[in-house]
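Let me begin by presenting the structure, written as structure tokens, before commenting on it.
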Amino acid sequence: MADKNDKNEFNVAGKFYVDTQCIDCGQCYTSYPNFFSHNDDNGCAYVSKQPSTPEESAECDEAKSSCPVEAIGDDGE
């Protein structure tokens, strides 16, 4: 389960985030490139854009559900 106290430094501010347990598998940024990206230097994904509609929030929830190591959280500030 993602830990909001362990967010990686690349996330944009907002509800969704990726924490440091990310293994850079590519699932989120390949399936949901409008909201997730990755940092080649650190080998981690991050939230590059927060959702602004209920439909976009649903996509981020789907990304969260598909994360194999549960590194995506939704209790961010």
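The values are calculated or read from the model by the stated rules, or taken from the named source; none is laboratory data. As the structure is a prediction and not an experimental result, all values here were calculated from the model. Here the Cβ is made from the backbone with ideal geometry for all residues, glycine too, and neighbour counts use every protein chain on show. Remember, those area values only see protein heavy atoms, side chains included, never the ligands or the DNA or RNA. Shrake-Rupley method; radii C 1.70, N 1.55, O 1.52, S 1.80 Å.
General observations
- Burial order of peptide ranges 3-15, 27-39 (average beta-carbon count within 10 Å, highest first): 27-39, 3-15
- Here the Gaussian network model covers the chain, with springs between Cα atoms less than 10 Å apart; of ASP40, ASP61, ASP19, ASP40 fluctuates the most.
- In the context of the full set of protein chains, residues of the chain present 57 Å² of accessible surface per residue (probe radius 1.4 Å, heavy atoms only).
- Take every pair of alpha-carbon atoms less than 8 Å apart whose residues are at least six positions apart; their mean separation over the length of the chain yields a relative contact order of 42 percent.
- Label point distance in nm, ALA13-SER52, each placed 7 Å from Cα along Cα→Cβ: 1.7
- Charge dipole magnitude, Cβ of K and R +1, D and E -1 - the chain, Cα centre, debye nearest 20: 80
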